[in-house]
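The values are calculated or read from the model by the stated rules, or taken from the named source; none is laboratory data. The model shown is predicted, which means the values in this text are computed figures rather than measured ones. Every residue, glycine among them, receives a Cβ derived from its backbone with ideal geometry; neighbour counts consider all protein chains shown.
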Amino acid sequence: MVHYLIRRLMIGAVTLILVTFLVYALIRNMPGTPLTLDMTVADPSVEISPENLKRMERNYGLDKPWYVAYFKWLGNLGRGDLGHSFVEHKPVTTVIATRVWPTLLLSATSLFLVYLLSVPMGLFTTVRSGHLDERALSLTLYMLYSLPSFVAALMLLVLFAVKLEGTAFELPMYDMKGQDYDQLSMFGKVGDVLKHMILPVTCFTYGSLAYFSRFVKSNMEEVIRQDYIRTARAKGVGPVRVIWHHAFRNTMIPFVTLIGLTLPTLLSGSVILEQIFTWPGMGKLFFESLGRRDYPVLMGLTLMFTILTLLGQLLADFLYAVVDPRISYS
Amino acid sequence: MTQSNPSSKPPSQASDATASRGFWAEAWVRFRRRKLGMTSLCFVGLLAVIAILSPAIAGTKPIVCRYKGSLYFPAMAYFNSRWENPIFYRDKFYKRYPEHLKEKDPDSWAIYPLVFQDPYRRVKEGEWEGQPGNPTGADGVPNRHNWFGTTQAGVDVFAQMVHGTKIALLIGFISTGIAAVIGIIVGALAGYFQGWIDILLSRLIEVVMCIPTLILILALMAIVEDPKIWHIMAVLGATGWTGIARLTRGEFLKHKQAEFVTGARALGTGRVRIMWRHILPNALAPVLVPIAFGIAAAILMESALSFLGFGAPPPNPSWGTTLNAGRTSNLQNWWLILFPGIAIFLTVLAYNLIGEAVQASTDPRLREGTK
């Protein structure tokens with residue numbers, strides 16, 4: 001087991017270096033630098049003199065070729081230094097840390113709801129398979145699964161923020177907090193954030209809900225055809241116990257690996273949804289940094305996503321071994 | 001698909017299959033029984049028809065016209081601007097056919113598209129008899145002349161969407177085709193050769209999966225100076241093959257151990273032939289499923305990219321571009337969101353349902369009657 005773990009970690013480290021190297025190469029070779037882009041967007045009249053530009057480039061380490069700069073970045077990383085954001089002039093870790101919570105608030109709530117709802121739905125559709133109610137539920141879920149989240153987000157916004165404006169059902173269009181947030185009481189603050197969360201969480205949840213419950217169902221369908229289920233039924237085990245105890249338990253392996261694979265999505269956020277709802281999370285930070293060519297922040301985010309993805313896969317493989325005694329890595 | 005039915009296989013394999021249907025024929029029979037899958041297939045067929053006939057459905061250029069003694073097909077310019085006969089430039093038509101045709105050649109005649117609206121520009125007052133100029137801004141609500149409303153600038157949304165069908169279909173097929181080719185080759189090599197080739201290719205798959213898609217796409221798009229819709233397709237194909245590769249690898253790992261491969265090898269069959277003729281036909285059915293879902297994902301990705309402002313360059317009306325126009329109009333113009341949104345949704349749904357039906361009709365474990 002330890003041997004396997006060490007091997008996996010070493011392979012992971014190689015992948016990590018490859019990914020960061022490639023991403024660094026890609027972003028440094030995109031047209032425009034943070035200096036030229038930032039200045040012209042902010043104020044076209046501000047022309048930087050060539051000498052100033054040279055000096056600033058030197059300060060930011062942009063005068064060196066990208067592969068040299070990459071190894072400098074890697075060296076700093078070894079000392080735990082991710083660098084400073086070009087735009088916000090704060091350490092990258094601080095910039096990312098302030099954006100983690102809003103994203104986590106959305107994704108954790110949504111993931112909780114997904115697990116809470118998808119297991120019963122998946123089991124229901126398995127048991128009632130072929131009946132009218134199952135067909136209706138499955139089709140609805142399937143349609144939701146195919147409905148792109150940004151389309152749904154826009155339609156919900158048109159409905160709740162524009163058409164129902166001024167009624168009791170009106171929901172806010174932008175941001176995480178209302179304008180009068182600072183004057184609100186403790187309860188008012190929580191209520192305000194919750195109100196702003198409703199639409200984003202809905203959009204985050206409905207798609208994965210369909211995916212997860214279908215996942216449960218398709219695994220269950222394979223399991224309930226097994227001989228041991230027939231045996232359990234034959235010896236008189238009740239239907240609830242058969243489904244929950246004999247069948248669902250045996251679908252836990254793929255279900256648990258799915259948890260491992262959803263780990264990165266907890267923190268990565270969604271570029272497009274956060275952009276639509278102007279939610280100050282990771283996805284929006286990523287998109288903004290990409291537009292502003294904020295290399296240190298982009299690299300910090302890439303590093304984080306990659307580590308999370310690799311860890312998620314590792315976790316999935318380990319949970320596999322924990323849940324299923326037939327699998328061993330020794 | 002039909003190439004790989006038993007009749008084209010070596011006679012030794014086909015001899016006992018003459019009485020029963022082959023795998024793909026059997027799968028097609030089962031596919032046809034699935035109503036949702038068939039409906040979706042018909043829907044995609046309908047989209048293809050719309051895409052091919054788009055210049056005849058909505059446009060301001062005649063499908064066919066007789067001008068100064070010869071026949072022209074100006075509507076073909078909607079497929080490729082070079083296909084518009086230069087005579088209309090020389091005679092200074094300024095893209096306004098109805099009035100200039102009559103004025104410059106009284107004997108001319110022309111057949112116009114069903115809807116006189118242009119996907120690229122606003123139709124002004126007096127261009128077409130009895131049709132007012134397109135409304136702009138918030139006045140562009142769907143009406144008799146603009147079925148799906150108009151954009152902020154007064155361009156007809158129906159025309160935009162009809163012409164956007166082309167993009168949606170091409171994106172799906174071409175980018176997924178590219179992804180399938182890369183994915184199957186990489187997966188086949190990794191699964192068949194194993195050893196260090198597998199380790200290298202698996203790392204490659206992992207690296208491509210780990211790089212944030214948006215960075216990869218935007219960086220690749222930035223390489224080309226003047227991005228065209230073809231570049232988006234190529235980039236989407238070059239980034240979307242990892243799932244297919246992993247599945248193919250798994251299938252090849254599984255089939256490599258099978259007796260028929262050992263048998264083929266004992267007969268002295270070459271590696272490429274074993275991979276291509278013996279393992280791939282057996283591995284293809286499961287791989288078709290992520291390909292069908294990949295088409296849906298590609299369409300989704302293109303509309304998401306257009307929506308974020310990185311999609312098809314402006315004159316190309318893609319569904320995502322219209323949707324983005326709806327967002328930038330501060331959500332007041334609901335028709336800019338509703339119609340393209342429904343179109344994207346239905347297309348993605350159709351491809352997902354097709355993928356589903358393919359899965360159900362090719363997976364022997366899920367066959368009906370084996371309960």
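Six or more apart or on different chains, Cβ atoms under 6 Å: show the pairs whose first residue is in the stretch B:342-360 and more than 10 Å from every other protein chain (Cβ to nearest Cβ) and whose second is β-branched (V, I, T) and surrounded by fewer than 24 Cβ atoms within 10 Å (Cβ to Cβ).
That search, which allows pairs on different chains as well, returns B:G355/B:V289; B:V358/B:V289.
So, in the stretch A:255-284, exactly how many residues are more than 10 Å from chain B (Cβ to nearest Cβ) and out of contact with any Ser or Thr (no Cβ under 9 Å at 6 or more places or on another chain)?
Total satisfying the criteria: 8.
Give B:L220, B:L236, B:L204, B:L284 a once-over and let me know the one that is within 14 Å of chain A (Cβ to nearest Cβ), assigned to a helix (DSSP H, G or I) and either closer than 22 Å to B:N352 by Cβ or at pLDDT below 85 (or both). Let's see the steps before the verdict.
On the way: B:L236 fails: within 14 Å of chain A (Cβ to nearest Cβ); B:L204 fails: either closer than 22 Å to B:N352 by Cβ or at pLDDT below 85 (or both); B:L284 fails: within 14 Å of chain A (Cβ to nearest Cβ).
Result: B:L220 is the single residue among B:L220, B:L236, B:L204, B:L284 that is within 14 Å of chain A (Cβ to nearest Cβ), assigned to a helix (DSSP H, G or I) and either closer than 22 Å to B:N352 by Cβ or at pLDDT below 85 (or both).
Tally up the residues in the stretch A:140-162 that are more than 8 Å from chain B (Cβ to nearest Cβ) and under 25 Å from A:I243 (Cα atoms), please.
Residues flagged as more than 8 Å from chain B (Cβ to nearest Cβ) and under 25 Å from A:I243 (Cα atoms) within the stretch A:140-162 amount to 2.
Considering the stretch B:315-339 alone, what residues qualify as being more than 10 Å from chain A (Cβ to nearest Cβ), in contact with a helix residue (DSSP H, G or I) (Cβ under 6 Å, 6 or more places away or on another chain) and β-branched (V, I, T)?
Matches in the stretch B:315-339: B:T321, B:T322.
Of all residues being small (G, A, S) and in a loop (DSSP other than H, G, I, E, B) in the stretch B:88-140, which is nearest to B:K68 (Cα to Cα)? Just the residue, please. If you could, list the steps in order and put the result at the bottom.
Of all residues in the stretch B:88-140, those small (G, A, S) come to B:108, B:110, B:126, B:130, B:133, B:137-138, B:140.
Checking which are in a loop (DSSP other than H, G, I, E, B) leaves us with B:108, B:126, B:130, B:133, B:140.
Working: B:S108: 7, B:G126: 24, B:G130: 26, B:G133: 29, B:G140: 38 Å.
Selected residue: B:S108.
Yes or no: B:T269 part of a helix (DSSP H, G or I), away from every other protein chain (no Cβ under 14 Å) and polar (S, T, N, Q)? If you could, list the steps in order and put the result at the bottom.
Numbers: part of a helix (DSSP H, G or I): no; away from every other protein chain (no Cβ under 14 Å): yes; polar (S, T, N, Q): yes.
No, not satisfied.
Tally time: how many residues in the stretch A:208-244 are away from chain B (no Cβ under 14 Å) and either farther than 30 Å from A:S107 by Cα or crowded, with 16+ Cβ neighbours inside 10 Å (or both)? Let's see the steps before the verdict.
So in the stretch A:208-244, the residues away from chain B (no Cβ under 14 Å) come out as A:208-209, A:212-213, A:216, A:228, A:231-232, A:234-244.
With the extra rule that they be either farther than 30 Å from A:S107 by Cα or crowded, with 16+ Cβ neighbours inside 10 Å (or both), the set shrinks to A:208-209, A:212-213, A:216, A:228, A:231-232, A:234-243.
Number satisfying all stated conditions: 18.
Just a yes or no: is a residue in the stretch A:152-164 touching a residue at least 12 places away in the same chain (Cβ under 8 Å), surrounded by 15 or more Cβ atoms within 10 Å (Cβ to Cβ) and of a type in the set (V, I, T)? Break it down stepwise before answering.
Here is the first cut: in the stretch A:152-164, the residues touching a residue at least 12 places away in the same chain (Cβ under 8 Å) are A:152-154, A:156-157, A:160-161.
Still in the running and surrounded by 15 or more Cβ atoms within 10 Å (Cβ to Cβ): A:152-154, A:156-157, A:160-161.
Still in the list and also of a type in the set (V, I, T): none.
The answer is no, given that none of the residues of the stretch A:152-164 is touching a residue at least 12 places away in the same chain (Cβ under 8 Å), surrounded by 15 or more Cβ atoms within 10 Å (Cβ to Cβ) and of a type in the set (V, I, T).
Looking at the stretch A:18-33 only, could you name the residues that are assigned to a loop (DSSP other than H, G, I, E, B) and at the interface with chain B (Cβ under 9 Å from one of its Cβ atoms)? Outline the logic, then answer.
Step one: filter the stretch A:18-33 for residues assigned to a loop (DSSP other than H, G, I, E, B), giving A:29-33.
Within the stretch A:18-33, A:N29, A:M30, A:P31, A:G32 meet the criteria.
Report whether or not A:S129 is within 14 Å of chain B (Cβ to nearest Cβ) and under 21 Å from A:S208 (Cβ atoms).
Numbers: within 14 Å of chain B (Cβ to nearest Cβ): yes; under 21 Å from A:S208 (Cβ atoms): no.
For A:S129, the condition - within 14 Å of chain B (Cβ to nearest Cβ) and under 21 Å from A:S208 (Cβ atoms) - is not met.
Might you let me know whether the stretch A:200-211 holds any residue that is among the polar types (S, T, N, Q) and either within 15 Å of A:T126 (Cβ to Cβ) or more than 20 Å from the chain's Cα centre (by Cα) (or both)?
Within the stretch A:200-211 (the criterion being among the polar types (S, T, N, Q) and either within 15 Å of A:T126 (Cβ to Cβ) or more than 20 Å from the chain's Cα centre (by Cα) (or both)), the answer is no, since none of the residues qualifies.
Of all residues in the stretch B:1-44, count the ones that are at pLDDT 70 or above, under 23 Å from B:T347 (Cα atoms) and not in a helix (DSSP H, G or I).
Going through the stretch B:1-44 one residue at a time, the tally reaches 1.
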